[in-house]
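For reference, the structure discussed in these notes is given below.
The values are calculated or read from the model by the stated rules, or taken from the named source; none is laboratory data. Small disclaimer: the values here were computed from a predicted structure and weren't measured. Cβ atoms come from the backbone with ideal geometry, glycine included; neighbour counts cover every protein chain shown. For the accessible areas, the whole protein counts, side chains as well, though only heavy atoms, and no ligand, DNA or RNA atoms are used. Shrake-Rupley method; radii C 1.70, N 1.55, O 1.52, S 1.80 Å.
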Amino acid sequence: MKCCGADALTGHPVEAVFGARIESVAPAEDAGVHLAPGFIDLQVNGFGGVDYNSPGTPREEVARSVGMLFATGVTRFFPTVITASPDDMQGALRNLADAKEGLAEGEAMEGFHVEGPHISPEDGPRGAHPRRWVRRPDAHEFHRMQDAARGTSAW
């Protein structure tokens, strides 16, 4: 694959050749566009009306939302699952792991961000997390979530 752009330091046109990684960068004719590194978003609860916290979000909708993230300059991200019932959190992680493995866009998911449920139950520090699902840390639950996420969760 080839992409043309401008050298960020000199402003001179360049052509980049790449596959999984950049293979070469060489002088080029006037490109008219700029190459820039992509953004990495560390916490994406959903995007474009697509909820990553729902175990039932269709894979096609996840793909659509990732495409919309790409359009904003995001090239890698961490889908985020927040405090909910154990079944819902594990289901959401399983659903995202299926999308990560089954979609061409899935490689943009670096891992999964799990926010909660082992947080303060107090108003204020708890934020928008539903109090009824806040719970004490549990090693067994942690391992079940890791299994559902196929080992790609970031806590």
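Numbers at a glance
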read-out: Burial ranking of peptide ranges 62-71, 19-28, 102-111, 5-14 (average Cβ count within 10 Å, highest at the top); value: 62-71, 102-111, 5-14, 19-28
read-out: Global form of region 71-111, assessed from the alpha-carbon gyration tensor, a/c cut-off 1.5; value: oblate
read-out: Accessible surface of the chain [probe 1.4 Å, protein heavy atoms]: carbon and sulfur percent; value: 55 percent
read-out: Over the chain, relative contact order from alpha-carbon pairs under 8 Å, at least 6 apart, %; value: 18 percent
read-out: Distance between modelled label sites at residue 36 and residue 7, nm, 7 Å Cα→Cβ extension; value: 2.0 nm
read-out: Label-zone membership for region 82-103, site residue 60, 7 angstrom Cα→C-beta point, backbone N under 20 Å; value: 95-103
read-out: Per-peptide average of other Cβ atoms within 10 Å, ordering 42-55, 130-143 highest first; value: 42-55, 130-143
read-out: Per residue accessible area in Å² of region 57-115, where ligands, DNA and RNA are left out and the probe is 1.4 Å; value: 41 Å²
read-out: Relative contact order, percent, region 1-70 [alpha-carbon distance under 8 Å, six or more residues apart]; value: 22 percent
read-out: Percent of beta bridges antiparallel (DSSP, the chain, rounded to nearest 5); value: 55 percent
read-out: Projected area averaged over orientations for region 1-140, convex hull of C-alpha atoms, nm²; value: 11.3 nm²
